[in-house]
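One structure below.
Laboratory data are not the source of any read-out in this text; all were calculated from the coordinates shown. All values derive from a computational prediction rather than experimental measurement. Methodologically, a virtual Cβ is constructed for each residue, glycine included, from the backbone with ideal geometry; neighbour enumeration extends over all protein chains shown.
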Ligand code: GA4
């Protein structure tokens with residue numbers, strides 16, 4: 001029997017659980033970036049909403065280096081890490097996700113990628129023993145992943161016959177792009193008995209608000225996606241590949257053709273999970289609306305007009321599991 005400290009018990013009582021659902025799903029589309037057919041495959045994959053990218057060209061050394069740095073930080077005593085938070089919204093966070101009461105069995109580092117000097121992440125960087133090294137490792141990793149995301153968006157533009165082909169990628173490459181980066185650490189949940197056979201939620205169900213999210217995790221399972229019929233299935237981990245999520249903004253830009261799929265992460269009973277996610281967002285003033293060239297004759301937008309800034313503001317007023325696009329759907 002595992003005896004829990006009072007503190008751990010108190011932590012657990014805040015947490016959400018779910019029914020042990022989620023058989024391993026083998027239907028995640030795979031896009032091989034070296035495949036001559038990639039532009040067609042990637043469009044089909046975006047219609048599904050979640051897919052895996054192989055032959056991505058991101059150097060493994062950037063991944064392992066940053067992962068090791070992050071683990072070194074997460075392995076510090078809790079009281080020390082607490083001194084580097086709380087996130088506002090950037091910086092180090094523990095169990096609390098966002099500003100509106102969501103919690104999960106998780107600790108994380110959330111950073112703005114185009115503004116590493118952002119005041120809200122300052123206390124995190126000043127806390128680090130070697131902030132320059134951490135910054136450099138984040139920078140190498142994020143630059144490589146952003147490059148890959150840009151290539152992916154150009155392939156998508158080719159597949160959709162959007163011109164010029166940098167119409168989408170420029171949104172991420174823009175100096176003002178409002179992208180962020182998150183390193184999530186899900187400690188193992190040693191005491192499954194506490195939950196009467198239910199699973200402990202690491203990161204509750206949600207869709208990503210941005211255009212595209214690029215996730216890499218270690219070899220621990222936990223990520224689940226919600227299929228169209230409402231069933232939750234587990235995504236087999238693959239530490240050598242990247243998983244892509246279409247974000248709400250991309251769903252709108254394609255007038256619902258691409259799908260922003262609900263996903264969540266469950267805690268593992270014995271292994272810790274570490275994931276690193278780049279959320280590619282447009283500049284704040286960018287209008288988010290269906291691309292004219294994708295609209296059939298007479299087709300109307302399913303959404304009211306809004307800017308990324310408006311969508312983001314509304315997202316930060318919502319709870320994690322809310323259907324955020326609902327407010328912007330035309331009735
Ligand atoms: C979900 C996707 C990204 O992790 C994130 C999250 C953000 C946060 O953790 O600060 C949000 C969440 C996410 C959507 C609704 C709001 C904002 C927490 C929350 C309750 C960084 C993002 O961009 O949106």
(message) Using a 7 Å offset from Cα along Cα-Cβ at residue 327, what residues in region 298-321 end up with backbone N under 17 Å from the label point?
(response) 303-321
(message) For the chain, what does the relative contact order come out to in percent, with C-alpha contacts under 8 Å and a separation of six or more?
(response) 21
(message) Let me make sure I get this right: for region 200-331, a, b and c are the square roots of the gyration tensor eigenvalues over alpha carbons, sorted descending. Under 1.5 in a/c it's rounded, otherwise prolate if a/b > b/c, else oblate. Which is it?
(response) prolate
(request) State the extension gain, in nm to one decimal, for the chain segment bounded by residue 122 and residue 21, taking 0.36 nm per residue of separation less the distance between their alpha-carbons. (result) 32.4 nm
(message) Using 0.36 nm times the number of residues separating residue 319 and residue 163, minus their current alpha carbon distance, what extension gain do you get?
(response) 52.5 nm
(request) Could you work out how far apart the two model spin labels at residue 291 and residue 75 are, taking each label as a point 7 Å from the Cα in the direction of the beta carbon, and quote it in nm? (result) 4.4
(request) Report the extension gain between residue 227 and residue 304 in nm, rounded to one decimal, defined as 0.36 nm multiplied by the number of residues separating them, less their alpha carbon distance. (result) 25.1 nm
(request) Take 17, 64 and order them by how many other Cβ atoms sit within 10 Å, fewest up front. (result) 64, 17
(request) For a footprinting-style exposure proxy, rank 331, 84 by other Cβ within 10 Å, fewest first. (result) 331, 84
(request) Report the antiparallel proportion of the DSSP beta bridges in region 28-317 as a percent, rounded to a multiple of 5. (result) 95
(message) Only counting other Cβ atoms within 10 Å, I'd like 268, 112 sorted with the fewest neighbours first.
(response) 112, 268
(request) List, largest first, the extents of the alpha carbons of the chain along their principal axes, each in whole Å. (result) 65, 45, 38
